[in-house]
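The structure under discussion appears below in the form of C-alpha cells.
The values are calculated or read from the model by the stated rules, or taken from the named source; none is laboratory data. Computed from a predicted structure; not experimentally measured. Glycine gets a Cβ as well: all are built from the backbone with ideal geometry, and neighbour counts include every protein chain shown. For the accessible areas, the whole protein counts, side chains as well, though only heavy atoms, and no ligand, DNA or RNA atoms are used. Shrake-Rupley method; radii C 1.70, N 1.55, O 1.52, S 1.80 Å.
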Amino acid sequence: MAMRKLADMTWEEARDQGRAGAIAILPVGAIEAHGPHLPLMTDVVIASAMAEAAAEELVNRDQQVVILPPICYTSAGFAAGFAGTITVSPATVTAMIGDIARSLARHGFPMLAIANAHLDPDHVAALHAAVETCGDEAIQVIFPDITKKPWALELTEEFQSGACHAGQYESSIVMAAAPSLVAEDRRCGLAPNPISLSAAIRAGQKTFEEAGGPAAYFGDPAAASREEGQGTIRVLGAILVEAIEQRSEHTDEA
Ligand SMILES: [Zn+2]
C-alpha cells in the first residue's frame with residue numbers, strides 16, 4: 001500500500017479509495033511574507049511535509065491515505081502589508097474547507113484531516129469554524145490546532161515562545177523539506193527578533209509591523225538547521241496521526 005496524491009489519480013482510482021475508507025489529508029498553508037530568506041509559500045511547504053510524514057506513518061499501519069492538493073490561499077492579515085502576500089476573507093476559507101469535505105463525503109471518504117501550518121489567528125479561527133459547520137456531515141473533519149495544548153508542547157522552544165514566524169522553527173523545516181528555496185546567505189546574516197507573536201496577538205495587534213517585525217520575521221533564523229527541521233517534520237506528522245487515531249477510537253466507541 002502506498003500513499004497517493006488524489007490529484008494524480010483517475011476518478012475511478014479516487015472512487016476506489018473512497019470505497020476503501022481512505023483518510024484524506026489536506027495540507028493548508030498560505031502565500032505570505034516569511035522574512036528576507038524564506039519563500040512566500042513557506043507554510044505550504046511545511047503543511048505538505050507534515051501531511052507526507054503523517055501519511056507515511058498511517059500507511060505503515062495499513063491505513064489507506066490520499067493527500068489532497070494543498071490550500072495556498074487563505075487569511076493572512078498580519079502579513080498583508082508585505083508584497084506577494086495574498087489574503088482572502090475567513091468566511092471564504094471556512095466555506096471552501098466545508099465544500100471540500102462535502103465533495104469527499106459524497107464518495108465515501110470517512111475523514112478529512114487538516115495538516116495546517118499557517119498560524120494567523122483569523123485563519124485558525126476559520127478552520128475551527130469549518131470543523132464546526134461540518135459537524136453533521138457524513139465525514140469527520142479533524143484539525144489539530146498546533147497553537148494549543150497538548151500539541152504545542154510537543155514542538156520546539158522557539159515555537160512555544162511565540163517568536164516563530166520565519167525564525168529558527170520554520171527556517172529549519174524549509175531547510176529540511178525544500179532547501180533550494182532558502183536564501184542561505186540572507187538567513188545567516190539575520191539578527192534574532194525575539195518578539196512573541198502570540199503575545200502581540202493577545203495585545204490586540206493586527207500586523208507584523210505593529211508587532212515589531214519590520215522584515216516579516218520573528219525568532220532566530222540564523223540558528224536554524226536541517227536536522228532540527230527533520231525532527232520537527234516527524235513531530236508534526238505524529239501530531240496529525242495522533243489526532244486521527246484519537247478521533248477514530250472515539251468513533252469506534254460511539
Ligand atoms: Zn509560516
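Here are a few things to note about the model shown:
- Residue check: residue 193 meets all listed conditions (1) closer than 21 Å to residue 82 by Cα; (2) of a type in the set (S, T, N, Q); (3) in contact (Cβ under 8 Å) with a residue 60 or more places away in the chain; (4) open to solvent by less than 30 Å² (accessible area, probe 1.4 Å) but one, namely (3).
- Answer from 129, 115, 125 - the residue that is at pLDDT 95 or above and in a strand (DSSP E or B): 115
- Filter result (assigned to a helix (DSSP H, G or I) and modelled with pLDDT under 95) within the range 159-183: 159, 160, 161
- Subset of the range 196-210 (residues that are open to solvent by 10 Å² or more (accessible area, probe 1.4 Å) and either at pLDDT 95 or above or out of contact with any strand residue (DSSP E or B) (no Cβ under 6 Å at 6 or more places or on another chain) (or both)): 196, 198, 199, 201, 202, 203, 204, 205, 206, 207, 209, 210
- For the range 228-237, the criterion of being in contact with an Asp or Glu (Cβ under 7 Å, 6 or more places away or on another chain), part of a helix (DSSP H, G or I), closer than 19 Å to residue 50 by Cβ and open to solvent by less than 40 Å² (accessible area, probe 1.4 Å) is satisfied by at least one residue.
- Test: residue 49 is out of contact with any strand residue (DSSP E or B) (no Cβ under 7 Å at 6 or more places or on another chain), within 16 Å of the ligand (Cβ to nearest atom), among the small types (Gly, Ala, Ser) and open to solvent by less than 20 Å² (accessible area, probe 1.4 Å): yes
- Qualifying positions in the range 134-150 - of a type outside the set (A, V, I, L, M), open to solvent by 20 Å² or more (accessible area, probe 1.4 Å) and either touching a helix residue (DSSP H, G or I) at 6+ places or on another chain (Cβ under 7 Å) or not in a loop (DSSP other than H, G, I, E, B) (or both): 137, 140, 143, 147
- Among the residues of the range 179-211, not one is touching a Pro at 6+ places or on another chain (Cβ under 8 Å), within 15 Å of the ligand (Cβ to nearest atom) and of a type in the set (Gly, Ala, Ser).
- Qualifying residue in the range 26-40 (condition: open to solvent by 70 Å² or more (accessible area, probe 1.4 Å) and in a loop (DSSP other than H, G, I, E, B)): no
- Scan of the range 80-110 for residues that are open to solvent by 60 Å² or more (accessible area, probe 1.4 Å), assigned to a helix (DSSP H, G or I) and not polar (S, T, N, Q), ordered by number: 91, 96, 99, 102
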